[in-house]
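One structure is given below, encoded as structure tokens.
The values are calculated or read from the model by the stated rules, or taken from the named source; none is laboratory data. As the structure is a computational prediction, the values presented were derived from the model and not from experiment. Cβ: placed from backbone, ideal geometry, glycine included. Neighbour counts: every protein chain shown. Side chains included, ligands, DNA and RNA excluded: accessible areas come from the protein's heavy atoms. Shrake-Rupley method; radii C 1.70, N 1.55, O 1.52, S 1.80 Å.
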Amino acid sequence: MGTIEAAAAWVDRVGLALLFPKADVVLPSLWEQVNGSTDENWAVREPDGTFVRWTEEMGFLWNAKDELPSRNLVCVGKHLARVTALIAPPLLPSVCAQADRSVPDGPAADVLDAVREHGPLTGPQLRDLLGAAKKDVDRAVTLLHRRLLLTSSHLVAQEVGWSALAHDLVDRKWRLPERLPPPEEARRELAGLLLARAGELTAADLTGALGWKRALCATVLDELAPSRQEADFRIWTAP
């Protein structure tokens, strides 16, 4: 995989993925596709461990995580498993439909209002507008990503240092339909997608990937597939 288009096509095929693999999360990762394995060969180093440069694979991935949303090819953000995730645009309404999208109180509400009024904003821009500390803005942005209210938009050049990532409303960036699927239908679609890819799942697997409570995971999986008991847990097998 050597092009942004190929990366976008892969995400379209799998539907949901992580940027980097995460232990105990059944979602595939773009890093594995780019690197050919889960090995953490991110950097070229001297024999004494001194950093020389990023590997070609890491350089591509680091660019891809910003270019994919910038070109409206893939929704990217800290939306799943508490890490950076990639969501194929056709699947985004279902992901949003099953999420807790309530607006938090405090700094997160202020950040959301600022982006709604001014358009996509970077962390530094939000701090300047709100007069808020970096840690408060970063925490608010992360929470809003998890609730599928904000998402990655594009890079903005800075006068000094690296470019900064701008965050936009999920609904505005991706033009979500006014009416999302019913939550129960969305949950079945997402669980079915993961089950089909993995072949078999436990409720804990679904919890790790989508953040649902285990009892809910078991209920949804019961609607989709038969299960068998293994010691103190159940395993659902794709039909």
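Below is a table of values for the structure above.
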item	result
Listed residue (114, 129, 152) projecting farthest to the positive dipole end of region 105-239, Cβ model	152
Computed FRET value (nearest 0.05) for residue 20 with residue 214, which takes r as the C-beta separation and R₀ as 22 Å	0.30
Set of region 132-155 residues, backbone N closer than 18 Å to the point 7 Å along the Cα-Cβ line of residue 63	154-155
Calculated diffusion of the chain, Stokes-Einstein form, Kirkwood radius summed over Cα pairs, 37 °C and 0.692 mPa s, µm²/s	171
Principal axes of region 148-187: Cα extent on each, largest first, Å	47, 18, 10
Largest-first principal axis extents of the Cα set of region 109-168 (Å)	30, 22, 20
Computed log₁₀ I(q)/I(0) - Debye formula, equal Cα scatterers, no solvent, region 1-135, q 0.09, 0.19, 0.20 Å⁻¹	-0.35, -1.15, -1.20
14 Å Cα-Cα reach of residue 22 towards aspartates and glutamates, excluding residues that sit fewer than 8 places from it in its own chain	32, 39, 40, 205
Solvent-accessible heavy-atom area per residue, rounded to whole Å², over the chain at 1.4 Å	53
Region 12-151 - charge dipole about Cα centre, Lys and Arg +1 at Cβ, Asp and Glu -1, debye rounded to 20	340
Rg ratio (alpha-carbon, reference 2.2 N^0.38 Å) - region 12-89	1.17
Loop GluC sites (Glu not before Pro), region 115-224 (other Cβ atoms within 10 Å of the site Cβ: 12 or fewer; DSSP)	159, 178
Residue among 153, 102, 70 with the largest mean-square fluctuation in a Gaussian network model of the chain, springs linking Cα atoms under 10 Å	102
Choice from 59, 15, 123 with maximal GNM fluctuation in the chain (Cα, 10 Å cutoff)	59
Helical segments meeting 20 Å axial Cα length and Kyte-Doolittle -0.5 threshold in the chain (DSSP H)	183-198
Full-extension gain in nm, residue 38 to residue 222, via 0.36 nm per residue minus C-alpha separation	63.1 nm
Accessible heavy-atom area order of 82, 175, 127, highest first, probe of 1.4 Å	175, 82, 127
Percent accessible area from carbon and sulfur atoms, the chain, protein chains only, probe 1.4 Å	50
